[in-house]
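Below is one structure; the comments refer to it alone.
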Amino acid sequence: MSGDVGGIADLEKLAAELDGEAFKATLMTVAGRRPCIRVVNREAVMLGEYIYAAAAGDQQWWFWFGWAERIAPVADVAAAARKIERVLHAVGTR
């Protein structure tokens, strides 16, 4: 389980794990909204997504895409980063 409200520490770990040359990750904290990171492909800026950390029905914490699809448990930051990078990968780029 995440140790902070909204999983900010987990989101920061995920942002650090993403390939910084290919993707820009920005932590977003807005009053009244769940914290998230905005991940954008640097070579194709239209490829971007909001990523959240939240508990599932079983109370285990996961990273989630903005469309409410689980990515990976927060304990597996590397797997979450790889999945996000695959989803936001632009065809014809590295």
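What follows draws every value from the coordinates through simple rules; no lab data is involved. These figures come from a predicted structure and were not determined experimentally. Every residue, glycine among them, receives a Cβ derived from its backbone with ideal geometry; neighbour counts consider all protein chains shown.
Just to be sure before I move on: is V30 in contact with a Leu (Cβ under 7 Å, 6 or more places away or on another chain) and not acidic (D, E) in the structure I sent?
Values: in contact with a Leu (Cβ under 7 Å, 6 or more places away or on another chain): no; not acidic (D, E): yes.
The answer is no for V30.
Cβ-Cβ distances below 9 Å connect the following pairs, each with a first residue in the range 70-83 that is closer than 18 Å to D19 by Cα, a second residue that is among the basic types (K, R), and a separation of six or more residues or different chains: I71/K83; A72/R82; A72/K83; V74/K13; V77/K13. Going through (1) aliphatic (A, V, I, L, M); (2) touching a strand residue (DSSP E or B) at 6+ places or on another chain (Cβ under 8 Å); (3) without any contact (Cβ under 8 Å) to a residue 24 or more places away in the chain one by one, A55 falls short only on (3).
Listed here are the residues, each with its yes/no results for (1) touching a Gly at 6+ places or on another chain (Cβ under 8 Å); (2) closer than 22 Å to P73 by Cβ; (3) in contact (Cβ under 8 Å) with a residue 12 or more places away in the chain.
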residue	(1), (2), (3)
E12	no, yes, yes
D19	no, yes, yes
A22	no, no, yes
A25	no, yes, yes
V39	yes, yes, yes
R42	no, no, yes
M46	no, no, no
I51	yes, yes, yes
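Within the range 12-52, the residues that satisfy the criterion of being out of contact with any Phe, Trp or Tyr (no Cβ under 8 Å at 6 or more places or on another chain) and among the aliphatic types (A, V, I, L, M) are A15, A16, L18, A22, A25, L27, V30, A31, A44, V45, M46, L47. With respect to the stated conditions, A44 is of a type in the set (A, V, I, L, M) and more than 14 Å from the chain's Cα centre (by Cα).
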